[in-house]
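Only one structure is covered here, and it is reproduced in the block below.
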Amino acid sequence: MLYFNCDYTEGCHPRILEKLAETNLTQTVGYGEDEYCQAARALIRKECGREDVDVHFLVGGTQANFTVIRAALRPHQGAIAPVTGHINGHETGAVEATGHKVLALPCGPEGKLTAAQVEETVAAHWADEAREHLVQPKLVYISHPTENGALYTRSELEALGRVCRERGLYLFLDGARLGYGLTARGTDISIADLARLCDVFYIGGTKCGALFGEAVVIANPELKQDFRYAIKQNGGMLAKGRLLGLQFLALFEDGLYYRICREANEKAYRIAAACQGAGFPFFAPSFTNQQFPVFPNRLLARLREKYAVSVWAKVDEEHTAIRLCTSWATREEAVDQLIADIQILGREL
């Protein structure tokens, strides 16, 4: 069985294992205040193009999402998100378990929110004479790439940021797969753009070559105060915090993060081209390591005899959209084999 169902089926990039082994018996202080975490923070600040951002390391994406949102909001406030957003559909109600409602808005197959949607939602709330009976929107949650692999453009993020500033909302970007978005063909977004346009975002490690870990970057001074208290209260303060810092140090000290994500994207593009050439349509356009072809159920059953894939959406009674995912560890020969089998199945359409 070859696994194309997600981008975290393997452990971590060998460079990270080497760094963990090299420093294994080195004594450091705990809780993310060691020299490795400090060095990793310095590298991330360099990528941001500014020294005034705070950088905190948490273990996983769900933990980063609900910790940031819980710390940012007062009890009566909620988070605007696309209906397909991870916090709305994939985190077992983690944000709502902290007492904050997810205000889910409809979105197209790309899974993006628009500035116009946010403006309309916030304007409607404040125009309602009974607004104190409703959850107050205070934060906008988006992800880059989106759940369906789409990318925001710089102009789209600028528009979202502008509406959030005018309306007094925080803009929070989930970057669990950020590396794949930053290295996608045609993108015009950089980490420095995110540090300029977002109040808070995070750089994903778990799905981008690390064993585990996400780097939360806080640009807005309002959100910096007491954030370490929030990390601790929400179970995110790892005693051996150096394990997180070491991984991001390895990923960013010589551009490894970008190289391995770009390579994963290129392998995904080969798979996408094979699907298109074989006659399989796509559920949603994607320019990252996630691809979403649509298969007839009879052919999908045969594909799944040899490959682990994620079932994404029921298109109709006879067709299903799946997700095929590559990662830093996806082997070229595995891609070649998958492509060959896709071509064989395509001849039976």
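The values are calculated or read from the model by the stated rules, or taken from the named source; none is laboratory data. Note that the coordinates shown come from a computational prediction; the quantities given were computed from them, not determined experimentally. Virtual Cβ from ideal backbone geometry, glycine too; neighbours counted across all protein chains shown. Ligands, DNA and RNA are stripped out before the accessible areas are found, and what is left, the full protein with its side chains, is counted by its heavy atoms. Shrake-Rupley method; radii C 1.70, N 1.55, O 1.52, S 1.80 Å.
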Residues that are modelled with pLDDT of 95 or more, of a type outside the set (S, T, N, Q) and closer than 16 Å to Tyr180 by Cα, drawn from segment 263-310: Glu263, Ala264, Glu266, Lys267, Ala268, Tyr269, Arg270, Ile271, Ala272, Phe292
Number of the exception - Val163 against (1) free of Cβ contacts under 8 Å to residues at least 12 places away in the same chain; (2) more than 20 Å from the chain's Cα centre (by Cα): (1)
Residue satisfying all of: in segment 14-35; within 29 Å of the chain's Cα centre (by Cα) and over 24 Å from Leu256 (Cα atoms); least open to solvent (accessible area, probe 1.4 Å) among these: Gly30
Count of segment 111-163 residues which are of a type in the set (Val, Ile, Thr) and assigned to a helix (DSSP H, G or I): 4
Segment 70-119 - residue that is in contact (Cβ under 8 Å) with a residue 60 or more places away in the chain and among the charged types (D, E, K, R) and, of those, surrounded by the fewest Cβ atoms within 10 Å (Cβ to Cβ): Arg74
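Considering only segment 290-327, how many residues are of a type outside the set (D, E, K, R) and either within 17 Å of Arg270 (Cα to Cα) or part of a loop (DSSP other than H, G, I, E, B) (or both)?
Step one: of segment 290-327, the residues of a type outside the set (D, E, K, R) are 290-297, 299-301, 303, 307-313, 315, 319-322, 324-327.
In the following step, the residues that additionally are either within 17 Å of Arg270 (Cα to Cα) or part of a loop (DSSP other than H, G, I, E, B) (or both) were identified as 290-294, 307, 309, 322, 324-327.
Qualifying residue count for the region: 12.
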Filtered residue count, segment 67-102, keeping only those that are part of a strand (DSSP E or B) and over 19 Å from the mean Cα position of the chain (by Cα): 2
Elements of type helices (runs of 4 or more DSSP H) in segment 201-267, at least 3 residues being more than 25 Å from Ser327 (Cα to Cα): 221-224, 227-233
Residue check, Val29 more than 25 Å from Asp254 (Cα to Cα) and either in a strand (DSSP E or B) or at pLDDT 95 or above (or both): yes
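Kindly indicate whether Ala21 is part of a helix (DSSP H, G or I) and at pLDDT 95 or above. Let's see the steps before the verdict.
On the way: part of a helix (DSSP H, G or I): yes; at pLDDT 95 or above: yes.
Taking the combined requirement at face value, the residue satisfies it.
Looking at segment 48-66 only, could you name the residues that are within 19 Å of Cys208 (Cβ to Cβ) and part of a loop (DSSP other than H, G, I, E, B)?
Quick first cut of segment 48-66, residues within 19 Å of Cys208 (Cβ to Cβ) only: 48, 55-65.
If the condition is that a residue be within 19 Å of Cys208 (Cβ to Cβ) and part of a loop (DSSP other than H, G, I, E, B), then Val59, Gly60 are the ones that fit.
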